[in-house]
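This report concerns only the one structure given below.
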Number of protein chains: 2
Amino acid sequence: MKVLLGVLCFGLIGLIAADNEPAWGYECVESVCSKVELTPENIKTAVSLSVCRTFCGRKTPGTLWPKPTGTVKLGQYVVHLDIDNIEIRRPPFKSQDELWSINEERFKAQISRKVSKPDQIKKGGKPLLIKVSVEEESTRLNSETDESYKLLLSQGGNEIIAEIKAKTFFGSRHGLETLSQLIMYDDIRREIQVVAEGEVSDAPAYKHRGLLLDTARNYFSVESIKRVIDAMGMNKLNIFHWHITDSQSFPLIIKSRPELSKYGAYSPEKIYTAENVVDIVKYGKARGVQVIPEFDAPAHVGEGWQKYDMTACFNKKPWQKYCVEPPCGQLDPTVDGLYDVLEDIYSEMFEMFDNPDIFHMGGDEVSTSCWNTSERIQNWMLSKGWGLTEHDFIKLWGHFQENALKRVDKVAKREVPIVMWTSRLTELPFVNEYLDKNRYIIQIWTTGSDRKVQDLLKNGYKLILSNYDSLYFDCGGGGWVNANNNWCSPYIGWQKVYMNIPESIAGMYHSQIYGAEAAIWSEQIDETTVDSRFWPRASALAERMWSNPITGWRDAEPRMLLHRQRLVENGIKAERLQPEWCLQNENSCPAEH
Amino acid sequence: MKVLLGVLCFGLIGLIAADNEPAWGYECVESVCSKVELTPENIKTAVSLSVCRTFCGRKTPGTLWPKPTGTVKLGQYVVHLDIDNIEIRRPPFKSQDELWSINEERFKAQISRKVSKPDQIKKGGKPLLIKVSVEEESTRLNSETDESYKLLLSQGGNEIIAEIKAKTFFGSRHGLETLSQLIMYDDIRREIQVVAEGEVSDAPAYKHRGLLLDTARNYFSVESIKRVIDAMGMNKLNIFHWHITDSQSFPLIIKSRPELSKYGAYSPEKIYTAENVVDIVKYGKARGVQVIPEFDAPAHVGEGWQKYDMTACFNKKPWQKYCVEPPCGQLDPTVDGLYDVLEDIYSEMFEMFDNPDIFHMGGDEVSTSCWNTSERIQNWMLSKGWGLTEHDFIKLWGHFQENALKRVDKVAKREVPIVMWTSRLTELPFVNEYLDKNRYIIQIWTTGSDRKVQDLLKNGYKLILSNYDSLYFDCGGGGWVNANNNWCSPYIGWQKVYMNIPESIAGMYHSQIYGAEAAIWSEQIDETTVDSRFWPRASALAERMWSNPITGWRDAEPRMLLHRQRLVENGIKAERLQPEWCLQNENSCPAEH
């Protein structure tokens, strides 16, 4: 069965004459887009790959990524769009004005980038009017934010009208993102086309859909961080979890404690000022991305603290005895002045991160053997009548956490939810003793099948999934402390990310899954490769968490290949998944069974 | 023991005052460069990391990569260099003039890129005069080319004089590359510095030191290919092996057979014109890199041949039955007209590739089951009184190879060495029957320990090593025909590349090792990630093949980390190997045993 797709077009005379005309077009045959040689006979019916994929087959949602969760009805036609004639009619809220200016510019740039040779584009086409209506004026992005939207495409007189309706700015910007995916370049007719009629209603399956970037093992420029966030916007991911400091470096300038970055940054240029952070937070907001700070403690500190006598085991060797990677270092919870320094750090972080509604306190990989190297710590513990067993050190950790949390609460002036990594402290029985389940969200980095995950769920904790077997995107490189492959090898393919299904991990407790984050720990990654490490694998996470499809990766693959091209088109150096041949020859590459 | 390194400097008053001054410098302590806090007391003796590494320790060769094989004597001092005052006095050959213009510009650009903040660089310093003397006028780069050079650095009056002496242009450009590595940026004094006195004599251990890029599974822009070649020049690699076509696409325009690229290219833009190739060949020559074409046949053909009735099993499904990856396709050796088409392809290739002194005919992964699908082939074989056993199909392959070779010889007008991949045809007894060891060089892609390698060596064949277990740089990604990891996983770390020692593979036959090539097969790689896939791992290959050091990767590691930075500085998106902390804290990261 051939389905006739249509391009409402005028005048196709003389195509395929010149040398640089495409030789191939596409036709929808039995729900698959097939390459056909362009001839004078088929030139009016053959369409570009994107147009064909938009309509061909009964598998909605065409080329949309992530897949909408509600209705998707697309007509059978595209029309030539005049890219110089796009208007966005904004909602009437002053507070959203700047956000809309950014989004208008961004949307128009996205459309322009679809044109491979701007000097050869066919002029003319219909204007596009985008009418945005939003109910709420607030531009606060947090776990309460409604991200749903409706998009309606229709032809009105001589223009195409796109209506986007949403409760919040954030829902409406998702709608705009979806609209951009319904606009495509036709390399046969050399014009931009838009789906002429259609309807999409959409809302995310999970609220917390994030990426983690570690900017301490290696530094990432502000520009490269923005590139990550921009791509997140294209994928409707909404949480940028910023692991900003670690034992290797302290790049964040704390004005009241300038020694931290002065001695802790890799160089005077490899820093983040408050202005940088504010800029990134704002950049995120415009793209529907909330930027969440992590200040990891009491372990994972070291560089930058040289001028404070508040750490234990810093850079102690051989590091294998005291921590998991060089250099070792932990805060000394027994030093009174420590909590004042922490308060200063928290205070400036809360300010620059726009008073976040969630805060990450780290808390992973605390080493008893590190603290046990310090006579000061030992003496303090003994003076309290404690022993020096593991349980005593966990008590010390509990002491740290309690006191640090007080300072967070003090600067936040309210009780914001706190995220902590799975660790010894989040295991039974300690977790119930030290971490209130109504206050703490636990971020899993152990494997999805680890019994500890079930323990936490049974005990009522909310979880963010970053199970390393599917969501640590730094896995699969060479070794850096030896010549083996790195600890969590092998490389995790996008298929595994896609099939990391919260319900499979949490079973009957799946309502306690708060969300998921894919992580880049940056020991072997910096801004030269951050794009290809995140993308397009983070798109697989995005669809899992936004759409949570019942279908599997195989079904998503042709759409994924197109979506990866969309990322590259927008300057994101996403990795190639397959030969371009597989993109052009749908369903011809998978191994048959 | 502290070794005092020196910077001949004038006026360091007021440093470490401003906020963006570095907090740390380096001192050489017990042959290791150690971070020291900059203070008014040590500010005159502390040096930058690069300067410290250049001189510290008895491990020559400082920061040079690849390690020179002859004398390396460096003085104890660097001097401030006036980067606006660099002169290259060229050899008097007209034929080398353009090459020197390119190299002069490139050298100066390399030096400029060392300055992180050009507007803050300290003015002044000594001029640098580079006197190049070359014995031979010829600029032909092939296996006979002498690549050795001597570099002498001295202070003369108010200038620094660098003398480079070499037999050929190619040796001298290697010398210039080495010189560029003896020039560094001092972030404490904000000036470019050059080693004031020194001597290097150097020549490669192996003649054939290459990279292979497959531009058929995915397309690579001319610009991205040039970036690979430029980085090759920085590593003294000298062979760019261009696997230009395959069954997935035919991007090379053959003017006399325009259908091949018209139907075979991924798009009208994803092509290489003869002008592109000539440009790339010239670009390579200026950087000491010979560009070698491969036309892979009789397997690995398909797209582009649609208008010729000369292939078998093209895109036949399920592909697993007829070839190793989609789409299948092989030339039909029984079609007489085929050899005329091949002659046209060879003829244009020889012309655009500057009449190469070595040619790659591919010859891998021929599938009997593919040819056996064709009645025409079966009939032809039966009509000759042959059977249809594997031996008969190998005879058919021999027939193809013999006739194709005749056409290569015809267009080359001489007998150039031919390279072929290991395959069934290169196994005993066939190899002796079909491939003359005086004519063919065999490129190994099987593992280094495969018995077939020994068979070839014993039978007198010269080998190029591309053993996949160490030199296939595409290994270690996700799957693309299924959800497993790709076939040759895991990822190969640079350490393994470095320790892929020809003598260990070839033993007593090591003189038959012609060279080695690291390969990027591009099923899952395109220009978005080509840099990080090649670099810095290809630098490990470069040192193995240029220097063939008796020391291992651990010894090379600190130098490798610096060299990777050098690549990044020059726009090559080489992968990070370790946290920057390990670069700044020499020998602090390796796991101790």
#### Entry: Extreme residue, farthest from residue B:164 (Cα to Cα), among residues of region B:77-97 that are without any contact (Cβ under 8 Å) to a residue 40 or more places away in the chain and in a helix (DSSP H, G or I)
B:94
### Query
Which of the residues spanning region A:214-252 are of a type in the set (A, V, I, L, M), away from chain B (no Cβ under 14 Å) and closer than 16 Å to residue A:293 by Cβ?
A:222, A:225, A:228, A:229, A:239, A:244, A:252
#### Entry: Checking residue B:418 against (1) of a type in the set (A, V, I, L, M); (2) touching a helix residue (DSSP H, G or I) at 6+ places or on another chain (Cβ under 6 Å); (3) closer than 21 Å to residue B:354 by Cα, the condition it does not meet
(2)
### Options B:182, B:211; residue that is away from every other protein chain (no Cβ under 14 Å), under 18 Å from residue B:272 (Cβ atoms) and touching a Leu at 6+ places or on another chain (Cβ under 9 Å)
B:211
### Query
Within the group B:51, B:79, which residue is outside the structural domain of residue B:185 (by the TED database) and either in contact with a His (Cβ under 6 Å, 6 or more places away or on another chain) or within 16 Å of residue B:180 (Cα to Cα) (or both)?
B:51
### Message
I'd like to verify a number: residues in region A:230-278 that are open to solvent by 10 Å² or more (accessible area, probe 1.4 Å) and in contact with a helix residue (DSSP H, G or I) (Cβ under 7 Å, 6 or more places away or on another chain), how many?
### Response
9
### Query
Here is a list of conditions, (1) in contact (Cβ under 8 Å) with a residue 24 or more places away in the chain; (2) open to solvent by 20 Å² or more (accessible area, probe 1.4 Å); (3) in a loop (DSSP other than H, G, I, E, B); (4) at the interface with chain B (Cβ under 10 Å from one of its Cβ atoms), and residue A:548 meets all of them except one; can you say which number that is?
(4)
### Task
Go through region A:509-545 and give me each residue that's within 10 Å of another protein chain (Cβ to nearest Cβ), touching a helix residue (DSSP H, G or I) at 6+ places or on another chain (Cβ under 7 Å) and more than 29 Å from residue A:62 (Cα to Cα).
A:525, A:527, A:528, A:529
## Note on the structure
Expected output for region B:253-271 (first residue more than 22 Å from residue A:189 (Cα to Cα) and more than 8 Å from chain A (Cβ to nearest Cβ), partner open to solvent by less than 60 Å² (accessible area, probe 1.4 Å) and among the charged types (D, E, K, R), Cβ below 7 Å, 6+ apart or cross-chain) is B:254/B:344; B:254/B:348; B:255/B:348; B:256/B:344; B:256/B:348; B:257/B:344
### Task
Please enumerate the residues belonging to region A:148-160 that are open to solvent by 10 Å² or more (accessible area, probe 1.4 Å) and within 30 Å of residue A:281 (Cα to Cα).
A:148, A:150
### Task
Could you grab me the full set of residues in region B:167-205 that are β-branched (Val, Ile, Thr) and closer than 30 Å to residue B:290 by Cβ?
B:168, B:178, B:183, B:200
### Query
Any idea how many residues of region B:287-309 are more than 24 Å from residue A:579 (Cα to Cα) and either surrounded by fewer than 21 Cβ atoms within 10 Å (Cβ to Cβ) or more than 23 Å from the chain's Cα centre (by Cα) (or both)?
1
### Summary
When residue B:420 is run through (1) more than 14 Å from chain A (Cβ to nearest Cβ); (2) in a helix (DSSP H, G or I); (3) in contact (Cβ under 8 Å) with a residue 24 or more places away in the chain, the failure sits at (2)
### Whichever residue in region B:67-86 is under 19 Å from residue B:111 (Cα atoms) and out of contact with any Lys or Arg (no Cβ under 7 Å at 6 or more places or on another chain) and, among such residues, is surrounded by the most Cβ atoms within 10 Å (Cβ to Cβ)
B:78
### Message
Filter region A:553-577 down to the residues that are more than 21 Å from residue A:114 (Cα to Cα) and facing chain B (nearest Cβ under 9 Å) and list them by number.
### Response
A:553, A:554
### Task
Could you list, in sequence order, all residues of region B:102-145 that are modelled with pLDDT of 95 or more and assigned to a helix (DSSP H, G or I)?
B:102, B:103, B:104, B:105, B:106, B:107, B:108, B:109, B:110, B:111, B:112, B:113
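The values are calculated or read from the model by the stated rules, or taken from the named source; none is laboratory data. Just so it is clear, the structure is predicted and the values come from calculations on it, not from any experiment. Methodologically, a virtual Cβ is constructed for each residue, glycine included, from the backbone with ideal geometry; neighbour enumeration extends over all protein chains shown. Note: areas computed on protein heavy atoms with side chains; ligands, DNA, RNA excluded. Shrake-Rupley method; radii C 1.70, N 1.55, O 1.52, S 1.80 Å.
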